[in-house]
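Worksheet: the structure to be examined is printed underneath.
Bear in mind that the values in this text are calculations on the coordinates, not laboratory data. The model shown is predicted, which means the values in this text are computed figures rather than measured ones. Don't worry about glycine lacking a Cβ; one is built from the backbone with ideal geometry, like all the others, and counts go over all protein chains shown.
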Amino acid sequence: MDKLKRVLSGNDATPEESDGILPYINEASTLSWSTRIKAFCICFVLGIALSLLGSFALFMHKGLAVFAVFYTLGNIVSMASTCFLMGPFNQMKKMFSSTRLVATLIVIGSFILTLVAAIVLHKALLALICIIVQSLAMTWYSLSYIPWARDAVKKTITTCIV
C-alpha cells in the first residue's frame with residue numbers, strides 16, 4: 001500500500017532514495033492520505049464541472065468568451081487537483097522537469113492566451129483557436145505521465161500520415 005501511495009503521489013523513490021528535502025516536506029503534510037484522495041476527486045470534478053458549465057454558455061450571448069473562460073478555469077483547477085496527491089512542490093518539480101518543460105510552457109501559454117483572447121481582446125475566433133491549442137497541449141502534457149504514451153501517439157500519427 002505504501003508503494004501505491006508513493007506512485008500516486010508522484011514519489012517514485014522512497015524518501016531515503018531521493019535527494020533533497022522535498023520528499024520530507026511532502027510527507028510532513030497534515031492531510032491524511034484519504035483526505036488527499038477526497039480533495040483530489042472534489043477538485044478534479046469541480047474542474048470538469050467548470051468546463052461543462054462553460055459548454056452551456058455557448059448558447060448565450062457572447063457565449064464563446066464565457067466558454068473560453070470557464071473551460072480554461074476548469075483545466076487549471078483539474079490540473080491543480082494533483083497537488084493534493086503529490087504536493088505542490090513535487091507537482092512543480094515534475095511539471096518543469098526536462099521531459100515536460102515544453103509541454104508545460106505550452107499549456108500555461110495557452111491558458112494565458114485563451115483568457116486574453118476571450119476577456120481582453122473579445123475575439124471569439126482567436127479564443128476558439130486557443131481552446132483547441134489548449135486541448136491538444138493538455139493532452140500532450142497528460143500523456144507525458146504515461147510511460148511510452150507519447151512515443152505510441154507519434155508512431156500512430158506517423159503511420160496514419162505516411
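Determine the gain in length on full extension of the stretch L121-T159; use 0.36 nm per residue of separation and subtract their C-alpha separation, reporting nm with one decimal. Kindly include the intermediate steps, with their values, before the conclusion.
Values: separation 38, 0.36 × 38 = 13.68 nm, distance 3.94 nm.
Length gained between L121 and T159: 9.7 nm.
Is the C-alpha gyration tensor of the stretch 54-140 telling us rounded, prolate or oblate? Criteria: a/c under 1.5 is rounded; beyond that, a/b larger than b/c is prolate, otherwise oblate.
Note, shape of the stretch 54-140 comes out prolate.
Taking Rh as the Kirkwood radius, which is the inverse of the mean 1/r over Cα pairs, what is the Rg/Rh value for the stretch 110-151? Numbers along the way, then the final one.
Working: Rg = 12.9 Å, Rh = 11.0 Å.
Checking Rg against Rh, the ratio lands at 1.17.
Modelling each spin label as a point 7 Å along the Cα-to-Cβ direction, I'd like the T139/L105 distance in nm, to one decimal.
Using points 7 Å along Cα→Cβ, the separation is 2.3 nm.
Going by average Cβ density within 10 Å per residue, which order do the peptides 77-85, 148-156 take, highest to lowest? Walk me through the intermediate numbers first.
Details: 77-85: 19.6, 148-156: 11.7.
Output ranking for 77-85, 148-156: 77-85, 148-156.
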